[in-house]
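Report on the structure given below.
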Amino acid sequence: MKKVLVTGGCGFIGANFIHMVLRRFEDLRLVNLDKLTYAGNLRNLEAVADDPRYRFVKGDICDQALVEELFAEEGIDTVVHFAAESHVDRSIEGPGAFIQANIVGTFTLLEAARKHWLSDPSAPVAPRFLHVSTDEVYGSLGETGYFTEATPYDPRSPYSASKAASDHLASAYFHTYGLPVLITNCSNNYGPFQFPEKLIPLVVHNALRGQALPVYGDGKNVRDWLYVEDHCEAVLAVLAGGKLGETYNIGGNNEKQNIEIVHLICDLLDEKIGLLVEGRTRRSLITFVKDRPGHDRRYAIDAGKIARDLGWQPRVRFEEGMRRTVQWYLDNPEWVEGVVSGEYQAYYHRMYGER
Ligand code: NAD
């Protein structure tokens, strides 16, 4: 039986991953260690809270005593490390939390794994430490080209710099100590349970309420988008077959300008729930706002290695994934209301003013 520690499982991708794993594997024990920051939400896992295979532990990945206790008590043999401060804009406002969670937190987990897997005679057989990271570590591209696993790191925001540092630490633990590390660098995810500070849920949320849709700069920044379940499938593929010490890029072959995404959401909502008052389309809500400092122009991923070596391909087409995502937000108004009260309001007004 696998004994899996998932960190950050109450966040967007972690929650989707836990649902998938508990659906798919009978014989496993899964411990979710999450600090429940503003981005962590226990409601994301309400449906599995009573599953006897699942245990939630509220705690910080920087808490060395707690992390070591979990390794020892649970006999952890697999770590899937999602926990992080994950929002670029917040990292510009306050980088300290990113240094702590993303760098010190990853270091603390790596140390615990080293101690329990490499120097304990009762260590588990064939353990794995999968460190989940982002394509943002590679910096920004021009009009052409793709990030490969060999692209030099060039992080440009405090968020991406802290993720880059954590990737280097994970890689160093493989080379220095032989810790069984795997690293994944993925492009932008979208899907259910995403906190509405990120582009897609923010636009859905505002467009539903007839509020302004803030778009940075000229809206032409390009990102590669991947449906969250495809990312979770890729993480499972790397865990099952990835070569230790290696990095796998994960992407959707799906480059879109931000403004194209905003248009698509507006059109989907107009179609699903009708136009705004006086027959206005939701595109009329679009408001261009001052660009984010150091806003990377284009990210694009070459996911050829994971396709060739592990047979992983994205399955959910973008239009289908966006339909599912918009429908999920329509079907879960209580979830949305629960996360946009309180701190979110203060954050939103700091970022976008009183619109
Ligand atoms: P998220 O912000 O939605 O969730 C992060 C979770 O980590 C939250 O539940 C939070 O409570 C928890 N957490 C934060 N600090 C913690 C700490 N010190 N101790 C314990 N728990 C802590 O993030 P997400 O979008 O689900 O991203 C998950 C991971 O995937 C991150 O490492 C991120 O860098 C990476 N990633 C995200 C994307 C994306 O598009 N969202 C793309 C590529 C990679």
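In summary, R128 fulfils each of the numbered conditions (1) under 20 Å from the mean Cα position of the chain (by Cα); (2) within 24 Å of V88 (Cβ to Cβ); (3) charged (D, E, K, R) with the single exception of condition (2). All of I103, I92 fail the test of being within 12 Å of the ligand (Cβ to nearest atom), among the β-branched types (V, I, T), surrounded by fewer than 21 Cβ atoms within 10 Å (Cβ to Cβ) and touching a residue at least 40 places away in the same chain (Cβ under 8 Å), apart from I103.
Looking at the range 30-38, can you tell me whether even one residue there is crowded, with 17+ Cβ neighbours inside 10 Å, within 14 Å of the ligand (Cβ to nearest atom) and part of a loop (DSSP other than H, G, I, E, B)?
Yes, the range 30-38 has at least one match.
Here L239, L213, L199 are screened, and the one residue that is in contact with a helix residue (DSSP H, G or I) (Cβ under 7 Å, 6 or more places away or on another chain) and either within 15 Å of the ligand (Cβ to nearest atom) or farther than 20 Å from A346 by Cα (or both) is L199.
Tell me, yes or no, whether the range 112-122 has at least one residue that is closer than 21 Å to K3 by Cα and within 16 Å of the ligand (Cβ to nearest atom). Yes - at least one qualifying residue is present in the range 112-122.
So for the range 17-31 (the condition being over 22 Å from A126 (Cβ atoms), under 16 Å from the mean Cα position of the chain (by Cα) and touching a residue at least 60 places away in the same chain (Cβ under 8 Å)), does at least one residue qualify? There is no residue in the range 17-31 that is over 22 Å from A126 (Cβ atoms), under 16 Å from the mean Cα position of the chain (by Cα) and touching a residue at least 60 places away in the same chain (Cβ under 8 Å). Across the range 120-173, the qualifying residues are those that are outside any helix (DSSP H, G or I) and β-branched (V, I, T), and the one among them that is nearest to E68 (Cα to Cα) is V125. Of all the listed residues (S171, S187), the sole one being within 11 Å of the ligand (Cβ to nearest atom) and touching a residue at least 24 places away in the same chain (Cβ under 8 Å) is S187. Among the residues making up the range 71-112, those that are in contact with a Pro (Cβ under 7 Å, 6 or more places away or on another chain) and farther than 30 Å from V215 by Cα are G75, D77, T78.
Pairs needed: first member in the range 299-326, without any contact (Cβ under 8 Å) to a residue 24 or more places away in the chain; second member anywhere, part of a loop (DSSP other than H, G, I, E, B); C-beta distance under 8 Å; at least 6 residues apart or different chains. So the pair list comes out as A307/Q313. If the condition is being without any contact (Cβ under 8 Å) to a residue 60 or more places away in the chain and either crowded, with 16+ Cβ neighbours inside 10 Å or among the charged types (D, E, K, R) (or both), then the range 267-291 contributes D267, L268, D270, E271, K272, E278, R280, R283. Each residue in the range 172-203 was checked for being over 20 Å from D135 (Cβ atoms) and either β-branched (V, I, T) or in contact with a His (Cβ under 8 Å, 6 or more places away or on another chain) (or both), and 3 of them qualify. Just one of the numbered conditions (1) in contact (Cβ under 8 Å) with a residue 60 or more places away in the chain; (2) assigned to a loop (DSSP other than H, G, I, E, B); (3) farther than 27 Å from D77 by Cα is not true of A207: (2). Selection of the range 242-256 for residues being part of a strand (DSSP E or B) and in contact with a helix residue (DSSP H, G or I) (Cβ under 9 Å, 6 or more places away or on another chain) yields T247, Y248, N249, I250, K256.
Comparison of F12, F129, F56 shows that the only residue that is surrounded by 15 or more Cβ atoms within 10 Å (Cβ to Cβ), under 23 Å from C232 (Cα atoms), of a type outside the set (A, V, I, L, M) and near the ligand (Cβ under 10 Å from one of its atoms) is F12.
Only a single item in (1) surrounded by fewer than 24 Cβ atoms within 10 Å (Cβ to Cβ); (2) within 12 Å of the ligand (Cβ to nearest atom) is not met by T148, and it is number (2). Can you find a residue that is more than 12 Å from the ligand (Cβ to nearest atom), farther than 22 Å from H231 by Cβ and surrounded by 19 or more Cβ atoms within 10 Å (Cβ to Cβ) anywhere in the range 77-88? Yes, because at least one residue in the range 77-88 is more than 12 Å from the ligand (Cβ to nearest atom), farther than 22 Å from H231 by Cβ and surrounded by 19 or more Cβ atoms within 10 Å (Cβ to Cβ).
A short reminder: the numbers here are calculations on the coordinates, not readings from a lab. In this text, all values refer to a predicted model and were calculated from it rather than measured experimentally. Neighbour counts run over all protein chains shown; Cβ positions are idealised from the backbone, glycine included.
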